[in-house]
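A.B. asks: Quick one: structure below, then a few questions.
Taken together, the values in this text are just the output of simple stated rules run on the coordinates, not laboratory data. Computed from a predicted model, the values in this text were never measured in an experiment. Here the Cβ positions follow ideal geometry from the backbone for every residue, glycine too, while neighbour counts run over all protein chains shown.
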Amino acid sequence: MAKDLKPVDDSIQARLLRMQEDLKNGLVSAKAFNDPEIYAIELRKIFARCWVFIGHVSEIPNPGDYYVRRIGEDPFIFVRGEDNEIRVLFNSCRHRGSVICRTDAGNTSHFRCPYHAWTYKNDGSLIGVPSRQAGYQELDMSQWNLFRAPRVETYCGMVFANLDPDAPTFSDYLGAFKWYLDIQFNLTDAGVEVIGEPHRWWVEADWKSGAENFCGDSAHTQMTHRSLLQIGLADKAGAGSPGQEAHGLHINECDGHAISIRWYNPGIENFWGYPKEIYSEFRPGPLSEPQFDLARRAVVHDGTVFPNFSFIHFAAKEDLDKPAAGFLSVRVWQPRGPGQMEIWNWILAPKEASDEYKERAYRAGMSSFSPSGHFEQDDVTVWSGIARSASSVYAELNNVKFNYQMGMPGMAPAVPLADWPGPGTAWASNAGESGLRTFHRRWAQQMCSS
Ligand code: FES
Ligand SMILES: [Fe+2]
């Protein structure tokens, strides 16, 4: 280092504070997308403190049904007990730590450890310890139940958990963003249910690339998914093509969560492309008229609940000769190491829909957003490129920052909609990355928290 240069405080805390500062100019450090030190902090300050999606109640309808899921990288068992209560149990034996449940899914009344056979009921209580008389006469078994996530809450059938016992309620955490989630999940009395098993697959990309994209990266559709538009597999109205009667909206500053919407002009009824026999069952119910109007005119809604739960609601074609079918996909961008993630994807449809329609919705979802989905494959290709750039020596030596300035004040006439009836700040434009900036501000705030 030259003598006249001041040493830079390069502690991780100082770097994070500089990243927070850079965001004011719409810049995000490449390091955020692939760095072991940053990743370790994400697991502790984000995934151990924020509400994360575990699963949907319709996946475990019967006592004893279970799935193994993760919070951060930690394994948990999502299980319905004999008492019908849903719990999220830490998948680690209280004896000496062996993983208790080694199958991904099933139905069981008990979990027995494969090491020394300590046995737990499906509510996590320890009920069997071999050689008890010979080796553990004084053992107070009530003190050795499986650990569990201290906070579990259900919203519209979706189960979220939080490892922080002092976290705000899920409702407070969602805040005003609930207004937008209700439009997706609360349209019928019975709500939505999961169709089939979730898809999951490994991608060499950072979890934030998926989460930020679903906050409203409308600008990529015309490029990344251009071939789908050209051959007619994607609806031009949903892609922001010029000359359509559909328009884009970005809503951000909504308690750290964000949504992107394309909707038709007033008077056009679309309901995300569901057929009439499905959407005629939608009722305003608990929704306000502005909420229901958003549903009525909806082409596509996609959003992210910080940190890694996203949804997309729209219609896709299974192939060119078949009509598009509406469906709802929810997904988790599961961190699996620096620059690595596992994507989990559930396809849902209104519970009242016929089995035939659910099959159509599943096939539409699978052909667009799944490991073999045409949209998905386009997206993950570019996201893995970001993770590679982020880990490059060049990016490190040159302190490379990525540009998130689209639509910022100074870059565009950034005037929010004055009469927007919903919460958050709404921008009537496709040409903006405001939702992505919302996500990264929330990320930086969480990472810099004490
Ligand atoms: S580690 Fe589970 S019984 Fe010993
Ligand atoms: Fe995409």
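A.B. asks: Report relative contact order for the chain in percent, whole number only (criteria: Cα-Cα under 8 Å, sequence separation at least 6).
C.D. replies: 21 percent
A.B. asks: A follow-up question, please. Would you calculate, for the chain, the mean residue ellipticity at 222 nm contributed by helices, counting each DSSP H stretch of 4 or more residues as -39,500 (n - 2.57) and dividing by all residues, to the nearest 500?
C.D. replies: Here the helix-only value at 222 nm equals -7000 deg cm²/dmol.
A.B. asks: Now for a different question. Long-range amide H contacts for N270: which residues qualify at under 5 Å (H placed 1.01 Å from N, peptide plane, sequence gap of 5 or more or a different chain)?
C.D. replies: Under 5 Å from the amide H of N270: R297, A298.
A.B. asks: For the chain, what is the charge dipole size about the Cα centre, in debye to the nearest 20, if Lys and Arg each add +1 at the Cβ and Asp and Glu each add -1 at the Cβ?
C.D. replies: In total the dipole reaches around 900 debye.
A.B. asks: Also, quick follow-up: Could you grab the relative contact order for the stretch 52-155? Cα pairs under 8 Å, six or more apart, rounded to a whole percent.
C.D. replies: Rounded, it is 22 percent for the stretch 52-155.
A.B. asks: Can you find, among L174, S288, A48, the residue farthest towards the positive end of the dipole of the chain? Put +1 on the C-beta of Lys and Arg, -1 on that of Asp and Glu.
C.D. replies: A48
A.B. asks: Let me ask something else about it. Can you tell me which of V300, V400, V152 moves the most in a GNM of the chain? Springs connect C-alpha atoms under 10 Å apart.
C.D. replies: Ranking V300, V400, V152 by mean-square fluctuation puts V400 first.
A.B. asks: Quick one: net charge of L287's neighbours, Cβ under 15 Å, K/R +1, D/E -1?
C.D. replies: The answer is -1.
A.B. asks: Using a 4.7 Å Cβ cut-off, which Cys residues in the chain lack a partner cysteine?
C.D. replies: C50, C101, C156, C215, C254, C448
A.B. asks: While we're here: Taking the alpha-carbon distance from K351 and a cut-off under 22 Å, which lysines remain once sequence neighbours fewer than 8 residues away in the same chain are dropped?
C.D. replies: K178, K276, K317
A.B. asks: Just name one of A412, L228, G216: the one whose Cα is farthest towards the positive end of the charge dipole of the stretch 175-447 (beta-carbon charges, Lys/Arg +1, Asp/Glu -1).
C.D. replies: A412
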